[in-house]
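Colleague: What follows is a single structure, and I will ask about it in a moment.
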Amino acid sequence: MQVNTNHGRVIAVGDGIATSQGLTNAMSGELVYFPKSSLKGLILNLMSDSISVVILGNDRFVSQGDLVQRCNSVAKISLNFSLLGTAVDSLCNRLDVVKEATTKKTSKFTKPTTSASAKSLKKKKHSFIC
C-alpha cells in the first residue's frame, strides 16, 4: 500500500493555526488547501510528527479531521501598481470587483533575511533635531 504524502488530516485547530499530520514532503512557506472549506494555508512550522499551518481565512470553517492538500508551490503575492488603493485578502486577491488586475510580476511571500554580519556596515555621523 502506497502512502500519499500530498494529503494529510487536521488533528487540531486553534487561534488561526491548524496542526496537521500526513504531509511528509511539505516545505516551510508552502501553500496548502483545505478542500472542505475552500481555504488556503501557509506552512510555518515543521515538526517530526506534524506541521503547523496558518489558516488564511476564518479558522471556524476548518475542523479536526478535515483533509488538507499540498499546493506544491511556495506562497507568492502579486506586485502591481494597480493594486494600490484596493482591498485585498492575505494572498493579494482583490476583494473589490471594480476591475481585475493584470499582474505580471510576483514575489515570494517570505524572503530570506541577511544577517548583520553579512551586511557591509558603514559608520556615518547622524545629527538629530529635537
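Values quoted throughout were computed directly from the atomic coordinates according to the rules given, and no laboratory measurement underlies them. A quick note: this is a predicted structure, and the numbers were derived from the prediction, not measured. Glycine also receives a Cβ, built like all others from the backbone with ideal geometry; neighbour counts cover every protein chain displayed.
Colleague: Could you check the spin-label model distance between SER63 and PHE81? Points 7 Å from the Cα along Cα→Cβ, value in nm.
Modeller: With each label point 7 Å from Cα toward Cβ, the separation is 4.9 nm.
Colleague: Want the number for ALA12 to SER38: 0.36 nm per residue separation, take away the alpha-carbon distance, what's left?
Modeller: Stretched fully, the ALA12-SER38 segment lengthens by 7.6 nm.
Colleague: Order these peptides, 64-74, 27-37, 85-95, by their mean beta-carbon neighbour count within 10 angstrom, highest first.
Modeller: Packing proxy ranking, top to bottom: 27-37, 64-74, 85-95.
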